[in-house]
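Remarks on the structure that follows.
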Amino acid sequence: MITKPKAKKYRLRRSEGQSAAAPKPAPAQNVETPDATKAAVTELLQTEPMMFASSTDDGFGKQDFRPKPEAKPAEVEAQTPAAPQSPADMIDAIRREGLTGRQLRMARRVAQKQGLAPVSDYDAVRLLREKGIDPFKRSNMLELVMRDGPEDASEAPSKDQLPSTVVSKPSLPSTEVITEDRRATDIMAIQRDIARRRRRRASLLAIRMMVFVMLPTFVAGYYYYAVATPMYATKSEFIIQTAEPSSAGQLGGLFSGTGLATSQDSITVQGYLQSRDAMLRLNEDEGFKTHFSQENVDALQRIEMDSTNEAAYSLYKKHVKIGYDPAEGVIKMEVSAADPETSAAFSKKLITYAEERVDELTSRLRGDQMQGAADSRIEAEAKMRAAQDRIVELQEKLGVLSPESEVQAIFGQITQLESELLTSRISLQQYLANARPNQAKVSAEENKIAELQKLIAEYRGQLTESNANTGSLARISGELMVAQGDLAMRQEFLAAAEAQFEAARLEANRQVRYLSVGVSPVAPDEPTYPRAFENTILAFLIFAGIYLMVSLTASILREQV
């Protein structure tokens with residue numbers, strides 16, 4: 001027994017793109033035979049859209065699996081030329097382009113800017129293309145970004161006013177067949193466009209390089225080769241030395257032979273030669289302003305005769321270069337001028353100024369030390385002479401050359417008188433021991449004894465008793481001893497002052513600074529400046545570096561904007 005086949009029932013819905021006047025789908029019917037069932041299904045597929053015609057993606061994209069009726073020869077011949085595409089077909093073609101959601105939103109915003117009223121994002125693309133506007137052109141996008149921003153927070157569009165976003169369907173492989181000729185043509189067009197852009201960019205880069213790098217470099221080279229005045233540089237070297245004694249201490253001897261011993265003085269001299277004071281003295285002695293205000297000096301290096309000191313000092317620092325080597329303690333000086341003789345004269349005069357400054361560095365210290373020692377010596381010598389004058393005055397006043405000699409002489413006389421007195425007393429006792437002494441002899445001896453005693457008392461009175469004019473010998477002896485002690489002390493002070501004066505003189509000699517010229521200034525016979533080639537290359541590198549930095553900054557700012 002054969003079971004009759006049955007056709008399934010399908011519930012079909014119309015797609016949004018179809019017209020409402022399309023015929024309604026006929027309900028599926030149960031057929032009696034397989035041939036009848038197949039014919040009914042074929043007719044249904046040809047007349048009604050299936051579910052893959054709806055907005056839901058079934059994974060096959062826009063591929064149509066419905067069988068197409070074969071066209072008869074007579075009908076093919078009777079076909080007319082293709083009519084213009086309808087809006088639905090155009091939208092369908094735009095949908096197959098695979099545009100992103102951002103591009104569709106941008107197209108709708110551009111359409112709103114142009115005053116169009118699209119019903120969807122794809123319709124916005126269609127309307128813009130019909131109007132001749134490319135919504136994805138860079139200029140249109142930049143104009144939209146620049147003009148679309150609200151000037152005030154109150155003008156910002158609300159959430160309801162923003163265009164809706166249509167989520168694009170997953171891009172599927174296209175069924176369009178691209179021939180080799182078309183592919184080669186597209187590739188050739190892309191290559192030509194890239195080459196044209198590269199040529200345009202290279203041309204713009206070359207123009208910018210010519211304007212901002214090569215032209216300034218050419219101007220600088222023309223100045224150095226044809227306009228700049230030749231300058232003659234005179235070089236010299238000198239060093240500052242000290243008169244260190246051979247008996248210097250261990251630490252002093254450690255640094256005495258190096259540049260550290262005179263580094264402070266060398267730096268001071270270097271600063272002085274680069275100061276305004278040295279420039280003013282050079283202008284007064286050698287006419288610095290007059291030399292650089294001549295007509296043969298170019299405009300960039302020339303100054304006016306009545307220019308200010310600041311302008312002359314700026315030029316002075318360019319033409320007088322002084323360097324100091326701390327390791328060796330050598331001062332190197334380079335002086336440039338418009339002619340070699342003037343350059344050598346300027347250099348010699350500056351070395352003279354340096355010698356004067358070096359001598360003035362320690363002259364005050366040496367003068368103070370010597371003045372103090374000399375004053376002490378003079379004062380000690382004056383006091384010593386005063387003590388000597390006091391002794392001479394006492395000797396003349398008292399009539400005594402030496403108190404010790406006078407005292408010794410008086411004591412000698414007293415001793416002699418006492419001996420005679422003793423002898424007379426013994427003789428008197430002998431005379432008195434006789435029964436009948438001789439009165440004449442006794443009286444003579446007694447008189448002699450009395451005279452001796454009187455003389456002894458007189459001599460002793462000279463030692464202790466004061467005279468109305470000269471005073472006592474003891475007082476005279478005391479005053480002379482005090483004066484002699486004062487003289488001895490003043491002599492010691494004078495000796496100490498002499499020793500101090502000699503030490504101060506040695507110290508002053510040790511602190512003397514000497515300027516020794518190692519390389520004497522000699523006038524050159526060829527110009528030293530300008531160094532045209534080196535300066536031109538340096539100018540090129542400077543302008544190229546400036547252009548590179550400005551270009552990088554502009555590129556970064558452009559990308560940020």
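The values are calculated or read from the model by the stated rules, or taken from the named source; none is laboratory data. Please read these numbers as outputs of a predicted model, since none were measured by experiment. Ideal geometry is used to build each Cβ from the backbone, glycine not excepted, and the neighbour counts take in all protein chains shown.
Filtering region 308-327 to residues that are buried (at least 17 other Cβ atoms within 10 Å of the Cβ) and aliphatic (A, V, I, L, M) leaves ALA312, LEU315, VAL320, ILE322. In region 387-406, the condition of being at pLDDT 75 or above, on the phi < 0 side of the Ramachandran plot, within 60 Å of the chain's Cα centre (by Cα) and assigned to a helix (DSSP H, G or I) is met by no residue. Can you go through ALA523, ALA504, ALA508 and tell me which one is part of a helix (DSSP H, G or I) and either modelled with pLDDT of 75 or more or loosely packed, with under 13 Cβ neighbours inside 10 Å (or both)? Exactly one of ALA523, ALA504, ALA508 is part of a helix (DSSP H, G or I) and either modelled with pLDDT of 75 or more or loosely packed, with under 13 Cβ neighbours inside 10 Å (or both), namely ALA504.
Selection of region 297-327 for residues being in a loop (DSSP other than H, G, I, E, B) and either under 25 Å from the mean Cα position of the chain (by Cα) or closer than 17 Å to ALA338 by Cα (or both) yields VAL297, ASP298, ALA299, LEU300, GLN301, ARG302, ILE303, GLU304, MET305, PRO326, ALA327.
Checked against (1) part of a helix (DSSP H, G or I); (2) of a type in the set (Ser, Thr, Tyr); (3) modelled with pLDDT of 90 or more, SER336 passes all but a single condition, namely (1). Residues that are basic (Lys, Arg) and within 30 Å of ALA124 (Cβ to Cβ) were ranked within region 176-200; the one that is modelled with the lowest pLDDT is ARG182.
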